[in-house]
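Read-outs: derived from the displayed coordinates by stated rules, not from any lab. Everything numeric in this text was worked out from a predicted model, so none of it was measured. All Cβ positions, even for glycine, are placed from backbone atoms using ideal geometry, and neighbour counts span all protein chains on display.
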Amino acid sequence: MSLGIVLPLILLALLVFVLVMLARRAARALAVARAATVFQEQVAGLSGRLTPVIEELVRRVDAVRRHQLPAEEIREALATAQTTFENEREAIATWQLPPGFSAPIGDVAEDLERLVRAVETIDFATRLVVAGSSRQRELEAQTAIKRGYLNLLHARQSFQDHVGLVAGRAAAAGTRASSSA
């Protein structure tokens with residue numbers, strides 16, 4: 001074979017190899033960006049489902065703190081919220097995590113655990129208020145209600161922060177996918 005035939009064939013094979021490598025890299029970057037977008041939507045959906053529950057609890061617990069609502073009237077709402085938070089904690093365990101998102105999902109799970117503990121603390125305090133008549137029990141109940149209330153507020157803010165963080169990371173993943181494609 002002459003060099004005039006072999007050289008174009010080698011160049012063609014090299015060109016096909018480079019194009020295949022670029023296509024594989026672009027497909028991988030696109031898959032990561034797609035997974036990051038799905039994860040962002042899952043976190044935003046979680047926040048959207050939990051924010052109204054948290055807001056309602058904050059409103060009702062604040063009313064109990066200010067003695068505008070009897071403590072026993074929020075017990076059912078606390079039980080419902082606790083079930084919701086525990087179900088969501090189980091649901092996030094099934095999420096598919098894109099690369100680089102394991103820390104935010106750990107933080108979200110930790111915040112769900114904080115919400116469950118806050119509800120348990122408030123529930124304990126409401127039981128103290130209902131059962132107790134001594135001044136000591138009233139002070140302990142008010143302290144527990146305030147502690148649970150503050151944990152609710154912190155968890156609400158933390159969820160908003162996580163949504164922003166995940167959105168930023170998903171946007172960065174999308175930008176990387178665009179630039180490598």
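Here are some notes:
- Debye-formula intensities of the chain, expressed as log10 I(q)/I(0) at q = 0.13 Å⁻¹, are -0.74 (one equal scatterer per alpha-carbon, no solvent).
- Förster radius 30 Å - calculated FRET efficiency between L11 and L97, Cβ distance, rounded to 0.05: 0.10
- Per-residue Cβ neighbour counts within 10 Å put D161, D111, D123 in the sequence D161, D123, D111, beginning with the fewest.
- Loop sites in region 112-163: GluC sites (Glu not before Pro), DSSP, at most 13 other Cβ within 10 Å: none
- Taking the C-alpha atoms only, the angle from helix 75-92 to the longest principal axis of the chain is near 20 degrees.
- Loop-located trypsin sites (Lys or Arg not before Pro) in region 33-73 (DSSP state other than H, G, I, E, B) with a sparse environment of at most 15 neighbouring Cβ atoms within 10 Å: R66.
- Helix-only mean residue ellipticity at 222 nm for the chain, each DSSP H run of n ≥ 4 adding -39500 (n - 2.57), per residue, nearest 500: -32000 deg cm²/dmol
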